[in-house]
Amino acid sequence: MANTKFTYTEKKDTRSGFGDGLLEAAKKNDQIVGLCADLIGSLKMGAFQKEFPSRFFQTGIAEANMMGIAAGMTIGGKIPYTGTFANFSTGRVYDQIRQSIAYSEKNVKICASHAGLTLGEDGATHQILEDIGMMRMLPHMTVINPCDYNQTKAATMAIADHVGPVYLRFGRPVVPIFTDPNQKFEIGKAITMIEGTDVTIFATGHLVWEAVEAEAILREKGISVELINIHTIKPLDEEAILKSVAKTKCVVTAEEHQRNGGLGDAVAQVLSQNQPAPQEYIAVNDQFGESGKPAELMVKYGLDAKNIVAAVEKVIKRK
Amino acid sequence: MASQANIQELEKIASQVRRDILRMVHEVQSGHPGGSLGCTDYFVALYFHILKHKPQFNMNGEGEDLFFLSNGHISPVWYSTLARSGYFEPKELSTFRKIDSRLQGHPTPEEALPGIRIASGSLGQGLSVSIGAAQTKKLNGDNSMVYTLMGDGELQEGQIWEAAMYAPHHKIDNLIATVDFNGQQIDGSTEQVMSLRDLRAKWQAFGWEVIESNGNDMSEIVKALEHAKSLTGKGKPVINIMKTEMGAGVDFMMGSHKWHGVAPNDEQLTEALSQLEETLGDY
């Protein structure tokens, strides 16, 4: 790969960032409890369970009940972290989240692994690509999609101090660790990773690394890219978005999600109301996924660095 | 134990609550009088005799018994009971289902109405919430109890049975759930719509301590809830299958599902109120 502005020495799954962050947060805050629907290993909740057995609750394969239990547990001051796959954390339990958690303003942390195409071989039944949209539509809900192990760990710890429902989305595959291990995670605060002048890429989750690689390719072609990591999709850092686009005048959004309802739409909403700018979407185009290796799927569905490069070249021409 | 004088006192309160329900629903020509009237004796027994609670409402409810209503559509009986037991002024009942009211069609904490800790209306969720609240009480070393009410038609929701399986597994023995067993739902009798079969056997098979009661006799419902309480703390959740009559207290509303979600007209209201003594003063 070309000369990227960020480098890494290790790859790790973001779900491990969640597991390690949960353990550390729970050591600091004794109100934190964990619930899991028969996926302790997949969610990396084993260390928490071992360290705090009386604060861990196995719900069995019953996610609707898990969301209700979590909502009830907040009454009396507990801070429940629920753990299951992103599909079963959202679509399967939308009404439970809507009524018992969001509308009821309960302090539940919905922690969702295996989001998106990079779940890989299990295929479309489990590859949810609509979860960000569903969750950001709910009033009172905060939606966070961190980009690597370090950021996921920091986010997992930060949400304990935020009072209110949170959807925390992360993934299955190992990906580069390229953010600061000691970072302070500020909910709702976008991070400018790379400054530039020709185009702004707003990326979230696994797509932030793809955008880092795309920037290196584009730099060699003489294109100056501003890369902004939108780890919090709701509340969206509108100020950072408008400030950057005032300078670059065009936008590419990149996410491992449907183009309907995700980060791209959230950014478009802000721009259309304030300072309209040409925008290209890197997202899945109204399709279900399929079985395959994560990297193969990212290429096939157009979510890799190469597609980001093409989208940037296209959007700059539209300025 | 409740004395005969206590029971008569509770019956007087129940008569006023029934008047409140009818007047609330009549005023906005919407709401659910049938199930509300059927559960009035339970609510009055609970709030005026069984619950150890503080009308100075606190969301976390530490050191007090909690109640959760799962079948939120019978909000009129809950709102009236809360008002009559001091959570808010009874005159606020006149705002039921109107714009800018804290008394939403279905209960919600979003409007900060004292006494409401979770939203309900979409059925099947309250038992899970109650179990979670009961677990937090245990974690906090709080010995008070959690009560919840759900409808019998509501037992057709799958989440109920997820919760039914969870509570005995986790030995939730500070919880008394009640089923409003009136045998009616919107499209007809539960027998016709989706038979519940043997409810006692079902709950027993899931590991619950099961009692049965008559929910429209104040003396019996008080006894049943006291009995239920004596069964707590023994490693099992308790469920009270409470037989009620939809529309109880108003002769022409009883024995049918017709009054599930239908408001009385002016004439019907006058006729219904003539059957119920005004004991605490109408709001």
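Readers should treat all values here as calculations from the given coordinates under stated rules, not as data from a laboratory. Predicted, not measured: the structure shown is a model, and the values here were computed from it. Note: ideal-geometry Cβ built from the backbone for every residue, glycine included; neighbour counts use all protein chains shown.
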Filter result for the condition that a residue is in contact with a strand residue (DSSP E or B) (Cβ under 6 Å, 6 or more places away or on another chain) and within 8 Å of chain B (Cβ to nearest Cβ), over A:F48, A:F57 = A:F57
Pairs with Cβ under 6 Å, 6+ apart, first in region B:55-68 and at the interface with another protein chain (Cβ under 10 Å from one of its Cβ atoms), second outside any loop (DSSP other than H, G, I, E, B) | B:L66/B:A133; B:L66/B:V146; B:F68/B:G126; B:F68/B:V129; B:F68/B:S130; B:F68/B:T148
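Out of all the residues in region B:78-96, is one or more within 7 Å of chain A (Cβ to nearest Cβ), buried (at least 23 other Cβ atoms within 10 Å of the Cβ), without any contact (Cβ under 8 Å) to a residue 60 or more places away in the chain and of a type in the set (A, V, I, L, M)?
Taking region B:78-96 and keeping what is within 7 Å of chain A (Cβ to nearest Cβ), we get none.
No, region B:78-96 contains no residue that is within 7 Å of chain A (Cβ to nearest Cβ), buried (at least 23 other Cβ atoms within 10 Å of the Cβ), without any contact (Cβ under 8 Å) to a residue 60 or more places away in the chain and of a type in the set (A, V, I, L, M).
Take region B:243-275 and flag every residue that is among the aromatic types (F, W, Y) and either more than 20 Å from B:G215 (Cα to Cα) or surrounded by fewer than 15 Cβ atoms within 10 Å (Cβ to Cβ) (or both). Lay out the reasoning, then the answer.
Residues of region B:243-275 that are among the aromatic types (F, W, Y), as a first pass: B:252, B:259.
B:F252, the sole residue that qualifies.
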Which listed residue is within 20 Å of B:T270 (Cα to Cα) and assigned to a loop (DSSP other than H, G, I, E, B), from B:G63, B:G105, B:G31 | B:G31
Spot the failing condition for B:K202; the list is (1) more than 10 Å from every other protein chain (Cβ to nearest Cβ); (2) under 30 Å from B:L93 (Cβ atoms); (3) without any contact (Cβ under 8 Å) to a residue 60 or more places away in the chain, and only one is missed.
-> (2)
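Has region B:125-141 got at least one residue that is assigned to a loop (DSSP other than H, G, I, E, B), under 20 Å from the mean Cα position of the chain (by Cα), more than 8 Å from chain A (Cβ to nearest Cβ) and not small (G, A, S)?
Start the filter on region B:125-141 by keeping residues that are assigned to a loop (DSSP other than H, G, I, E, B), which leaves B:125, B:140-141.
Retained after the next criterion (residues that are under 20 Å from the mean Cα position of the chain (by Cα)): B:125.
Okay, now just the ones that are also more than 8 Å from chain A (Cβ to nearest Cβ), so none.
Scanning region B:125-141 turns up no residue that is assigned to a loop (DSSP other than H, G, I, E, B), under 20 Å from the mean Cα position of the chain (by Cα), more than 8 Å from chain A (Cβ to nearest Cβ) and not small (G, A, S).
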The correct count of residues that are in a helix (DSSP H, G or I), within 12 Å of the chain's Cα centre (by Cα) and of a type in the set (A, V, I, L, M) in region A:110-153 is 2
Among the residues of region A:40-94, which ones are of a type in the set (S, T, Y) and part of a helix (DSSP H, G or I)?
-> A:S42, A:S54, A:S89, A:Y94
Could you list all residues from region B:189-235 that are surrounded by 14 or more Cβ atoms within 10 Å (Cβ to Cβ), of a type in the set (G, A, S) and not in a helix (DSSP H, G or I)?
-> B:S189, B:G207, B:S213, B:G215
Scan region A:79-99 and report the pairs whose first residue is in contact (Cβ under 8 Å) with a residue 40 or more places away in the chain and under 25 Å from B:N140 (Cα atoms) and whose second residue is charged (D, E, K, R) and buried (at least 23 other Cβ atoms within 10 Å of the Cβ), with Cβ atoms within less than 9 Å and a gap of 6+ or a chain change.
-> A:I79/A:K109; A:P80/A:K106; A:P80/A:K109; A:Y81/A:K109; A:T82/A:E63; A:T82/A:K109; A:G83/A:K44
